[in-house]
Amino acid sequence: MNNLLLAVIGIRAAALALLLAGNTAASNRMYALADLIEAGRVTDDHMRLVAEKLKAGGPSEEDWDELMARIDADHAALQS
């Protein structure tokens, strides 16, 4: 595990502890912070893949199809 993932786990654990202690407002803020960090990590991973494709000469039709499928899958996961 990397440090960023451990930080997200720690923040979510703290949010759960706050929720169990009855501090809903602080818990919601902690969960929102963890969500923001996680969204940033996913965006960084996506941009890293884009950079690799561009360095390799640009995306092919198969790359575009794979990208759209991955975006649709990530969108569905975020909405659930």
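The values are calculated or read from the model by the stated rules, or taken from the named source; none is laboratory data. Everything quoted here is computed from the prediction, not taken from an experiment. All Cβ positions, even for glycine, are placed from backbone atoms using ideal geometry, and neighbour counts span all protein chains on display.
Quick look at the numbers
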{"item": "Contacts under 8 angstrom Cβ, first residue in region 36-49 being closer than 19 Å to Q79 by Cβ and basic (K, R), partner in a helix (DSSP H, G or I) and at pLDDT below 85, 6 or more apart", "result": "R41/L4"}
{"item": "Count of region 19-28 residues which are part of a helix (DSSP H, G or I) and surrounded by 13 or more Cβ atoms within 10 Å (Cβ to Cβ)", "result": "4"}
{"item": "Residue among A34, A56, A51, A73 that alone is aliphatic (A, V, I, L, M) and surrounded by 13 or more Cβ atoms within 10 Å (Cβ to Cβ)", "result": "A34"}
{"item": "Filter result for L16 (surrounded by 12 or more Cβ atoms within 10 Å (Cβ to Cβ) and either among the small types (G, A, S) or free of Cβ contacts under 8 Å to residues at least 40 places away in the same chain (or both))", "result": "yes"}
{"item": "Matching option when the condition is of a type outside the set (V, I, T), modelled with pLDDT under 85 and either part of a loop (DSSP other than H, G, I, E, B) or within 21 Å of the chain's Cα centre (by Cα) (or both), among D45, D35, D63", "result": "D45"}
{"item": "Yes/no for V50 being among the hydrophobic types (A, V, I, L, M, F, W, C), at pLDDT below 85, assigned to a helix (DSSP H, G or I) and under 14 Å from the mean Cα position of the chain (by Cα)", "result": "no"}
{"item": "Selection status of R12, charged (D, E, K, R) and within 30 Å of E66 (Cα to Cα)", "result": "no"}
